[in-house]
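Novice: Take this structure first; my questions come after.
The values are calculated or read from the model by the stated rules, or taken from the named source; none is laboratory data. Keep in mind that what you see is a predicted model, and the values were worked out from it rather than measured. When we count neighbours, we look across all protein chains shown, and the Cβ atoms used for this are built from the backbone with ideal geometry, even at glycine. Protein only, heavy atoms only, side chains kept; ligands, DNA and RNA dropped before computing areas. Shrake-Rupley method; radii C 1.70, N 1.55, O 1.52, S 1.80 Å.
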Amino acid sequence: MFKHAIVRRPGKNFADGLASFKGAPPDYENALGQHDAYCAALERCGLAVVRLEPDLEHPDSTFVEDVAVLAQNSAIIARPGARSREREVDGIREPLKKFFQTIHEIEAPGTLDGGDICEAEKHFFIGVSRRTNEGGAKQLAAFLARDGYTSSLVDIRAMKSILHLKSGVACVDDRQLVVMEELAAREEFRGYELIRVAPGENYAANCVRVNEHVLIPVGFPAIGGELARRGFRLVPLDVSEFRKMDGGLSCLSLRF
Ligand code: GLY
């Protein structure tokens, strides 16, 4: 069960962040409204939400999941793989110290974005991506092993369709993974029941189990229907402004 979440409100220069999206830029007022609704949903799921102030030096810092990985007894400060995001970690140490006695840090030349890390109960899938390198992944695996977790690396460097591993896979309970088709044949996921997301709904592979609920982006009826049929209680949320900046539901919070 999660009890807490940490979020960071988007700054007014949020649209200056990294993005592959080529359409109209995000609307700041809309983004704030969507962020408020996201926080309210986390609170309805039973979490106490710590709201950090915008960090105007780092336009992507609202994607706070990327700066840390949280385990049962320790926090691991990430080392984001994009140069413009490297120093975002400076803003998360103090908030995490209030909750975690043991804090590790990924060291250079390792890089690691939290969005590449998918927790499945006592196992972690660690994406090796354009942001997370093998060195960072192995450092994280070693820290997690000290805390009793197993882990496996999932190499997504050849995939153009996703930025982070968690853009394509989510763990909704100890045996079930929501997964985009392109990842469904991966050996690493063998043994799990796979809930496949049709290619037209890939964005919804980034859904988030929060206690008794699953947060899911609005507008994806096939995967939403399938999850509902399986008994999951869905909380649909509009995160269209964050999608324009290559972000999804999971990136907007650290949950623990
Ligand atoms: N805009 C999110 C990222 O590229 O890290």
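Novice: Quick check on V50: is it of a type in the set (V, I, T) and open to solvent by less than 10 Å² (accessible area, probe 1.4 Å)? Don't jump to the end; show me each part of the working.
Specialist: Working: of a type in the set (V, I, T): yes; open to solvent by less than 10 Å² (accessible area, probe 1.4 Å): no.
Considered against the rule, which asks whether it is of a type in the set (V, I, T) and open to solvent by less than 10 Å² (accessible area, probe 1.4 Å), V50 comes out as no.
Novice: Go through (1) surrounded by fewer than 17 Cβ atoms within 10 Å (Cβ to Cβ); (2) within 16 Å of the ligand (Cβ to nearest atom) for R146 and report which single condition fails.
Specialist: The one condition R146 does not meet is (2).
Novice: Need pairs with beta-carbon distance below 6 Å; first residue of a type outside the set (S, T, N, Q) and within region 241-256, second at pLDDT below 95 and surrounded by fewer than 24 Cβ atoms within 10 Å (Cβ to Cβ); sequence gap 6+ or separate chains.
Specialist: As it stands, the answer is K244/F21; D246/S20, since those pairs meet every condition given.
Novice: With respect to G115, is the statement that it is under 15 Å from the mean Cα position of the chain (by Cα) and within 14 Å of the ligand (Cβ to nearest atom) true? Steps first, answer last, please.
Specialist: Numbers: under 15 Å from the mean Cα position of the chain (by Cα): yes; within 14 Å of the ligand (Cβ to nearest atom): yes.
When the stated conditions are applied, G115 passes them.
Novice: Give the number of residues within region 102-121 that are at pLDDT 95 or above and assigned to a loop (DSSP other than H, G, I, E, B).
Specialist: So the answer is 8.
Novice: Report, by residue number, each residue of region 206-246 that is among the β-branched types (V, I, T), touching an Asp or Glu at 6+ places or on another chain (Cβ under 7 Å) and in a loop (DSSP other than H, G, I, E, B).
Specialist: Taking region 206-246 as the starting set, the residues that turn out to be among the β-branched types (V, I, T) are 208, 210, 214, 216, 218, 223, 235, 239.
Next, from what is left, pick out any that are touching an Asp or Glu at 6+ places or on another chain (Cβ under 7 Å): 218, 223.
Hit for region 206-246 is V218, nothing else.
Novice: Across region 13-28, which residue is surrounded by the fewest Cβ atoms within 10 Å (Cβ to Cβ) among those that are away from the ligand (no atom under 13 Å from the Cβ) and of a type in the set (D, E, K, R)?
Specialist: K22
Novice: Another question, if that's okay. Taking into account only those residues within region 207-219 that are surrounded by 20 or more Cβ atoms within 10 Å (Cβ to Cβ) and of a type in the set (A, V, I, L, M, F, W, C), which is nearest to A5 (Cα to Cα)?
Specialist: V210
Novice: Restricting to region 193-206, give me the number of residues that are of a type in the set (A, V, I, L, M), over 21 Å from G247 (Cα atoms) and either open to solvent by 10 Å² or more (accessible area, probe 1.4 Å) or touching a residue at least 40 places away in the same chain (Cβ under 8 Å) (or both).
Specialist: 1
Novice: Sort through A71, A5, A37, A75 and tell me the only one that's among the small types (G, A, S), surrounded by fewer than 16 Cβ atoms within 10 Å (Cβ to Cβ) and more than 16 Å from the ligand (Cβ to nearest atom).
Specialist: Working: A71 fails: surrounded by fewer than 16 Cβ atoms within 10 Å (Cβ to Cβ); A5 fails: surrounded by fewer than 16 Cβ atoms within 10 Å (Cβ to Cβ); A75 fails: surrounded by fewer than 16 Cβ atoms within 10 Å (Cβ to Cβ).
Within the list A71, A5, A37, A75, the selection yields A37.
Novice: For region 221-256, name all the residues that are within 16 Å of the ligand (Cβ to nearest atom), aliphatic (A, V, I, L, M) and farther than 19 Å from V210 by Cβ. Don't jump to the end; show me each part of the working.
Specialist: Applying the first criterion (within 16 Å of the ligand (Cβ to nearest atom)) to region 221-256 yields 239-254.
Retained after the next criterion (residues that are aliphatic (A, V, I, L, M)): 239, 245, 249, 252, 254.
Scanning region 221-256 gives a single hit, M245.
Novice: Also, I was wondering about something else. Tell me, yes or no, whether region 81-94 has at least one residue that is away from the ligand (no atom under 16 Å from the Cβ), in a helix (DSSP H, G or I) and within 29 Å of H123 (Cβ to Cβ). First the steps, then the outcome.
Specialist: Start the filter on region 81-94 by keeping residues that are away from the ligand (no atom under 16 Å from the Cβ), which leaves 90, 93-94.
Add one more test, that the residue is in a helix (DSSP H, G or I), and what stays is 90, 93-94.
Checking which are within 29 Å of H123 (Cβ to Cβ) leaves us with 93.
Checking region 81-94: at least one residue is away from the ligand (no atom under 16 Å from the Cβ), in a helix (DSSP H, G or I) and within 29 Å of H123 (Cβ to Cβ).
The rows are residues; the columns are (1) free of Cβ contacts under 8 Å to residues at least 24 places away in the same chain; (2) in contact with a Leu (Cβ under 9 Å, 6 or more places away or on another chain).
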site	(1), (2)
D116	no, yes
N133	no, yes
A158	yes, no
R175	yes, no
A184	yes, yes
G191	yes, no
V208	no, yes
F220	yes, no
F232	no, no
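Novice: I'd like to verify a number: residues in region 18-71 that are modelled with pLDDT of 95 or more and either among the small types (G, A, S) or assigned to a helix (DSSP H, G or I) (or both), how many? Steps first, answer last, please.
Specialist: Here is the first cut: in region 18-71, the residues modelled with pLDDT of 95 or more are 18-19, 26-71.
Filter again for either among the small types (G, A, S) or assigned to a helix (DSSP H, G or I) (or both), leaving 19, 28-44, 46, 48, 61, 64-68, 71.
Total meeting the criteria: 27.
Novice: In addition: Would you be able to tell me the number of residues in region 235-256 that are open to solvent by 50 Å² or more (accessible area, probe 1.4 Å) and at negative phi?
Specialist: Selection size over region 235-256: 3.
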